[in-house]
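To start, the structure itself, in C-alpha cells.
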Amino acid sequence: MAERAPTGIVVVDKPEGWTSHDVVARVRRLAGTRKVGHAGTLDPMATGVLVLGVESATRLLTFVVGADKDYSATIRLGVVTTTDDAEGEVLEQAGAELPLPELADQVARLTGPVDQVPSAVSAIKVDGRRAYARVRAGETVELAARRVTVHRLQVQDVRPGVAGGTPVVDVDVEVTCSSGTYVRAIARDLGAALGTGGHLTALRRTRVGGYGIDRARTLDELADELAVLPLAQAARATLPSRELDAELARELTFGRRIPVAQDGPAGTRELPVGAFGPDGELVALLADEQGRSRPVVVFARPDETGDGPAGP
C-alpha cells in the first residue's frame, strides 16, 4: 500500500532560474501527490521564500497569499528595461552617477500607501489572459494603478558602477510591503522620479506572513528530507488562534456556527481565526458574522472530535 503524502506547509528557498511552477512540480514528485499549490509566485530571477501547501493544507494558501512580505533587492539606476527587471531588453540608458541628493526624499515618497501601476509583464489577467502573455505576443498592455502599502523601504547601500559602458548606481534596499506590491515597480518608479530610469537586478524574498527564510529549505535539502510543517503549526504561524473544548470543536466539524470568543481574536473572511481542538489539531478556520463564528474551512472530520453533533 502506497504511503500517504504528508499534509502541511513546505517553505522552499527557491533557486534563481526556476519558475514557481517548476518548484511545485518538484515538490509534487517529492511528496508523491498532485495536490500541491503555492501562495504567490516568484519570478524566475528571484530567490527566497516560496510557500507551498500539500494535500489539505492547500486550503490555507488563500489566506497566506494576502500576508505582508519582506524582500531584499537591488535597484539599478540609469537603465530602463522592458520588464522593469534584468530579464528584459534595454529600452533606455540615461545613466546615473553619485551623488543623488534626491534619493532619500524619493524613497520616502514611495513609502506608505501608494497607487502603484503593476509591471506590464505581471501575472494580472487582462480580458482573461495574463498581462505577460500579451506583452510577449507583441501587444501593448496598460494596467490600472492599485493601492498597495509599502510599510518599509530602507536603503542599505549605494554603489557606483558601469553597465554596458553606461555609468549606473546600484541601490540595495529592504522592503516590507502588502500583498500585491511589485518590487519591480518600485525600482521603475524610483528611477523615473530621479530622472535616471531604473530596474531591478536582484530580488530575494525573506518572509511571507509568519514564514521566514529561517524556515525555508533548498530543493536539495528537501530531496534529502521533505520538511513539512504540520497543518496545526502552519496555521498558528500565520493566523490568530482560538482554543476550543471538545463540544465546540465537534460542532464545527458539522459546519455549525458557534458563539464568538468573548476575549479572543475576531475572524474575517480575509483573515480568519484558526480554531484548535483539545488535542491541539486544527479543526476549522472561523469568520465572525452577526454575533456567531462561522466555519469558513473545516479540516477535521466528525469522527476525529466525537461521535456526533452535540445538540439539535
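The values are calculated or read from the model by the stated rules, or taken from the named source; none is laboratory data. Note that the coordinates shown come from a computational prediction; the quantities given were computed from them, not determined experimentally. So basically every Cβ, Gly included, is an ideal-geometry build from the backbone, and we count neighbours across all protein chains shown. Just the protein is used for accessible areas: all its heavy atoms, side chains included, with ligands, DNA and RNA removed. Shrake-Rupley method; radii C 1.70, N 1.55, O 1.52, S 1.80 Å.
Here are a few things to note about the model shown:
- Considering the chain, its Cα convex hull presents a mean projected area of 19.9 nm².
- Net dipole in debye of the chain [+1 Lys, Arg Cβ; -1 Asp, Glu Cβ; about Cα centre; nearest 20]: 820
- The chain, helix-only ellipticity at 222 nm - DSSP H runs n ≥ 4, -39,500 (n - 2.57), divided by all residues, nearest 500: -5500 deg cm²/dmol
- 3J(HN,Hα) couplings calculated from phi for the range 150-165 with the Karplus curve 6.51 cos²θ - 1.76 cosθ + 1.60 (θ = phi - 60°) are, in sequence order, 9, 5, 8, 9, 10, 6, 9, 7, 9, 9, x, x, 9, 9, x, x Hz; Gly and Pro show x.
- Whole-Å distance, taken between Cα centres, linking the range 144-189 and the range 213-273: 34
- Extending 7 Å from Cα along the Cβ direction at Ala246 and again at Asp220 yields two label points whose distance is 5.0 nm.
- Efficiency of FRET from Cβ geometry, Asp105 and Asp22, R₀ 45 Å, rounded to 0.05: 0.65
- Segments 207-213, 258-264 sorted - mean Cβ within 10 Å per residue, highest first: 207-213, 258-264
- Accessible area of the chain belonging to carbon and sulfur atoms, whole % at 1.4 Å probe: 47
- Summarising the strand pairing of the range 173-303, around 80 percent of its internal DSSP beta bridges are antiparallel.
- Loop-located trypsin sites (Lys or Arg not before Pro) in the range 23-82 (DSSP state not H, G, I, E or B) with no more than 13 neighbouring Cβ atoms inside 10 Å: Arg34.
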